[in-house]
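The values are calculated or read from the model by the stated rules, or taken from the named source; none is laboratory data. Since the structure is predicted, the reported quantities are computational estimates derived from the model, not experimental observations. We place every Cβ from the backbone using ideal geometry, glycine too, and count neighbours over all the protein chains shown. The area values use the complete protein model at the heavy-atom level, side chains included, leaving out ligands, DNA and RNA. Shrake-Rupley method; radii C 1.70, N 1.55, O 1.52, S 1.80 Å.
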Amino acid sequence: MINVENVSFTYQQECTLKGITFHIDRGEFVALIGSNGAGKSTLSKLLNGLLKPASGTVTINGMDTRKTKSSTLARHIGFLFQNPDRQICKNTVADEIRFGLELVINDKALVQQRLDSTLQRFGFNPDSNPFQLSRGERQRLALASIIAAEPEILILDEPTTGLDYSECTQIMNTINELNSKGVTVVMVCHDMEVVLDYARRILVLSDGRLLADGSTKEIFRAEEVLHKASILPPQIPQLALRLGQGFENAFTVEEMAHSLVARTRPQFFEVKEDAI
């Protein structure tokens, strides 16, 4: 579905991405991680045609992004900006959702049907002023306007930035639901707890290069890779790395508790035997 072949990108005479190659299949949930300046946001914009590679190729469903109009790509790809205020441009919630629909759908009846179902799904007041909503609600509106168009691919640039726990959970559960229905998700994210909870594969970027590509659990066990990328793993995997042997499969509180019990149980029985 998404194929990136030996892609490089130069921004203001500085090489931002260098020889990136990977493939993403339909229905995957992939996280792009790395320190600031690693090239994550640049890569995400290359994936939807907002930026064009200086060399190499990016193809989406067989369409070369350098040869395909952004409007054509937009029929297949939804892009959620880190800051919803860079995305919202209308004075009512209904007009904001309708605007995105009319860009990709010519059937007015279908536009109205999608608008009504999206408003109902997200519980928005259609007449509300988007700019009077909270930061979390504006992010939900930006996501709703994308989801209404039913894209095959969803690219997210730091979707949880500035959100509290409840708002973050709402956004990510909605995204996870879409992924469970076959939507391909590519997410730039700095919150490793969110990455662990939702992504199933991770691409690690460092200094414009692809440092590692693997399952979420594999990457969070790769201490050397994380160190090179200046990434701290989530709390439980980080503790598991420190504890070492016997804790390799501990990624949640429950798994950590199970590993601790398994590690201490033989000692418990040994004490009981000595006592007898």
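Name the GluC sites (Glu not before Pro) in segment 89-162 that are in a loop by DSSP and that have at most 16 other C-beta atoms within 10 Å, would you?
GLU152
So, with +1 on the Cβ of K and R and -1 on the Cβ of D and E, and no other charges, what is the size of the charge dipole of the chain about its Cα centre, to the nearest 20 debye?
That gives the chain a dipole magnitude of about 800 debye.
Suppose we keep just the alpha-carbon trace of segment 105-221; what are its Rg and Dmax in angstrom?
Taking only Cα atoms of segment 105-221, I get Rg and Dmax of 16.2, 51 Å.
Taking N as the number of residues in segment 15-74, what is its alpha-carbon radius of gyration divided by 2.2 N^0.38 Å?
1.13
Please compute the length gained on full extension between GLU5 and THR72, using 0.36 nm multiplied by the number of residues separating them and subtracting their Cα-Cα distance.
22.0 nm
Rank LEU103, LEU239 by accessible area, highest first, at a 1.4 Å probe radius?
Solvent-accessible surface, decreasing: LEU103, LEU239.
Quote the charge dipole size of segment 65-156 about the Cα centre in Debye, to the nearest 20; the model charges only the Cβ of Lys and Arg (+1) and of Asp and Glu (-1).
Around 380 debye, computed over segment 65-156.
Enumerate the aspartates and glutamates that LYS52 could reach by cross-link, defined here as Cα to Cα under 14 Å, with residues fewer than 8 away along the same chain left out.
GLU5, ASP64
With angles folded into 0 to 90 degrees, how steeply does helix 165-180 sit against the dominant principal axis of the chain? Use alpha carbons for both and round to 10.
80
Enter the accessible area per residue of the chain (Å², integer; probe 1.4 Å; all protein chains in place).
Here the residues of the chain average 52 Å² of exposed surface.
Using just the C-alpha positions of segment 102-153 as equal point scatterers, what log10 of I(q)/I(0) does the Debye formula give at each q in 0.13, 0.17, 0.19, 0.23 1/Å?
-0.32, -0.54, -0.67, -0.93
Quote the charge dipole size of segment 1-136 about the Cα centre in Debye, to the nearest 20; the model charges only the Cβ of Lys and Arg (+1) and of Asp and Glu (-1).
200
With an 8 Å cut-off on Cα pairs and a minimum separation of 6 or more residues, tell me the relative contact order of the chain in percent.
22
From the residues HIS227, LEU47, VAL194, which one has its Cα farthest along the dipole of the chain in the positive direction, the dipole being from +1 and -1 charges on Cβ of Lys/Arg and Asp/Glu about the Cα centre?
LEU47
Step through the table entries LYS18/LYS67; LYS18/LYS228; LYS40/LYS90; LYS108/LYS181; LYS90/LYS181; LYS67/LYS108, compare each Cα-Cα distance with 24 Å, and write down the pairs that go over it.
In this structure, LYS40/LYS90; LYS108/LYS181; LYS90/LYS181; LYS67/LYS108 lie more than 24 Å apart at Cα.
Using Cα pairs closer than 8 Å and at least 6 residues apart in sequence, work out the relative contact order for segment 144-276, in percent.
14
How big is segment 67-140 in terms of Cα radius of gyration and Dmax, in angstroms?
That works out to 12.9, 40 Å for Rg and Dmax.
Quote the accessible area belonging to ILE147 in square angstrom, nearest 10, computed with a 1.4 Å probe and with ligands, DNA and RNA left uncounted.
The accessible area of ILE147 comes to roughly 20 Å².
What's the extension gain from LYS18 to THR264 if we count 0.36 nm per residue and subtract their Cα-Cα distance?
My answer for the length gained is 83.8 nm.
Could you check how much of the accessible area of the chain is carbon and sulfur, as a whole percent, using a 1.4 Å probe?
48
Kirkwood Rh over Cα pairs of the chain into Stokes-Einstein at 25 °C, 0.890 mPa s: D in µm²/s?
Approximately 120 µm²/s, per Stokes-Einstein.
Under the 0.36 nm per residue contour assumption, what length would be gained going from the current alpha-carbon distance of ASP127 and GLU223 to full extension?
29.5 nm
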